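In what follows, a structure is listed as structure tokens, so that the remarks can point back to it.
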Amino acid sequence: MFCWTELGAEHLGIIQSLISTCKLHDINPYTYLVDVLQRISQHPASEVVDLTPRLWKTRFAENPLRALIDPRHPGRQSKQPEAVHAH
């Protein structure tokens, strides 16, 4: 795949790695990425490992956050992440 720049290739590699890891763990990559991209802004940095596909599946997969407009569920509003308090 052509990426234009070395930085673009690096970022593409990260995304492809996440997608492949999701598939290895029987996770829908779209569902995972939508959830994590919404959750990450309020998730404690000290617990970022929870957002890796393997741990995400055990902690968040049963009730993932959805896009405001989810093409798979027209009209469904997303649930916004609750504020996470630092310990």
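The values are calculated or read from the model by the stated rules, or taken from the named source; none is laboratory data. The structure presented is a predicted model; accordingly, all values stated were derived computationally and were not measured. Positions of Cβ are backbone-derived with ideal geometry, glycine not excepted, and every protein chain shown enters the neighbour counts.
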| Extreme residue, surrounded by the fewest Cβ atoms within 10 Å (Cβ to Cβ), among residues of region 48-68 that are among the hydrophobic types (A, V, I, L, M, F, W, C) and not in a loop (DSSP other than H, G, I, E, B) | Val49
| note | For region 22-47 the number of residues that are under 21 Å from Ala67 (Cα atoms) and assigned to a helix (DSSP H, G or I) is 13
| message | Here is a check on your reading of the model: is Ile27 touching a Leu at 6+ places or on another chain (Cβ under 9 Å), among the β-branched types (Val, Ile, Thr) and surrounded by 12 or more Cβ atoms within 10 Å (Cβ to Cβ)? | response | no
| query | Among the candidates Thr31, Thr5, which residue alone is at pLDDT below 95 and of a type in the set (S, T, N, Q)? | reply | Thr5
| note | Within region 29-62, of all residues that are out of contact with any Ser or Thr (no Cβ under 8 Å at 6 or more places or on another chain) and among the hydroxyl-bearing types (Ser, Thr, Tyr), the one farthest from Ile19 (Cα to Cα) is Ser46
| Flag if Ile14 is loosely packed, with under 11 Cβ neighbours inside 10 Å, of a type in the set (A, V, I, L, M, F, W, C) and either in contact with a helix residue (DSSP H, G or I) (Cβ under 6 Å, 6 or more places away or on another chain) or part of a helix (DSSP H, G or I) (or both) | yes
| field | Residues that are of a type in the set (S, T, N, Q) and closer than 29 Å to Cys3 by Cβ, drawn from region 15-70 | value | Gln16, Ser17, Ser20, Thr21, Asn28, Thr31, Gln38, Ser41, Thr52
